[in-house]
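Only the coordinates and a few stated rules stand behind these numbers; no lab work does. Not measured: the values here are computed from a predicted model. No Cβ is skipped: glycine too gets one built from the backbone with ideal geometry, and neighbour counts run over all protein chains shown.
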Amino acid sequence: MRCARNLAVKVKGGKHLACRHGHLNPVSDPMSDPALAGLALLDTALLAVDRQGAIRYANPAAENLLALGSRELVRHTLPSLFSRAEALMRGLDSALGQDVSFAEHDLSLDTVNQQHLHVYCAITPIDVAGCAALLELRPIDQQVRIANEERLLIQQQANRELIRNLAHEIKNPLGGIRGAAQLLALELDDRPELAEYLEVIKHEALRLQHLVDRLLAPNQRHVQSNVNIHEILERVRSVLLAEYPEGLVIRRDYDISLPLLTADREQLIQVVLNIARNAVQAMHGLGEITLKTRVARQVTLARRRHALALELQIIDTGPGIPPDIRDHVFYPLVTGRAEGTGLGLTLAQTFVHQHQGSIDFDSRPGRTCFTVRLPLEPFAEKTP
């Protein structure tokens, strides 16, 4: 094998990572080779492959994108990892045959673990530790997602101020209505035919009071502690199975190596419960929910870069979110059900953002997935 003295690897933004290295052992392990060590620091997913497409190296960003560990990835070839790898293999053959970089700006890939990806793919010939090419996989929706998160943060802040003002405007006259109803009850002891109407007034006033309390709930202070996310998921699981004992299946797919979170336990319970309960109600109590946890690496949350984050996915087999409300599903009072209040996802988003995390979703008939990402480090509480 010839010596790799000047390895230039093209990375995100058009920059190059230059690795100067002396003679390499032809049988050296690419996963530990110093010529590739710098790739672990990049937030672009990178795979190093040999001429047959066997994966020899995967950086942490690739593990995160493909939801597979590096030890699992290096057991695969490109055709075994991706079910539709023909275009990828043609690009690899072209890059190696002409000794020039190859780029595909919109490539659809289905992974072995049933992920569907739309990526920008660049293939660069290299000659390091038995690797013949370096693949850069960049989700084309990544920039869109970051822009949407920025927009949602601004919108959520405006919504929170609007909700706070609205709740206070409702709360004051509501107290007067409840007080008047109690006084009226004393005057109607001899008018039983009117008692039913009075009960309607009292019941609706109480319902509005609970609604106002929920609107003001995000303004309560955090109670931080070290929490185990799986204990929270088990708590939610037990609640839902108690509410829907027949017809509902809740599967677990946990990464038990996850460390403890520093977070508000009750708020996280409410986040998961609101999302999962919405899913169960959309399925009318009949269907399947999967609670999945993973470690996400090198992610940007609330404009900050984090080496590690929790990635929690709540996946259901329901009918999907109606297309007409998908763009504003987190807005207050937006709901796809006649009996819904439209506050569950609004509160979930607010609590996640207060933990400096992110929440998004992907929905189609038969599969809706809400993804919550939280930094695996203490968060600094923001003033509402």
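List of remarks:
- The value of relative contact order for region 222-384, using C-alpha pairs under 8 Å at least six residues apart, is 23 percent.
- Counting every other Cβ atom within 10 Å of each residue's Cβ, E311, E187, E136, E266 order from fewest to most as E187, E266, E311, E136.
- Between the listed residues P245, N228, V272, the Cα displaced farthest toward the positive end of the dipole of region 222-384, a dipole computed from Cβ unit charges relative to the Cα centre, is found at N228.
- About the Cα centre, charge dipole magnitude for region 207-324 (Lys/Arg +1, Asp/Glu -1 at Cβ), debye: 500 debye
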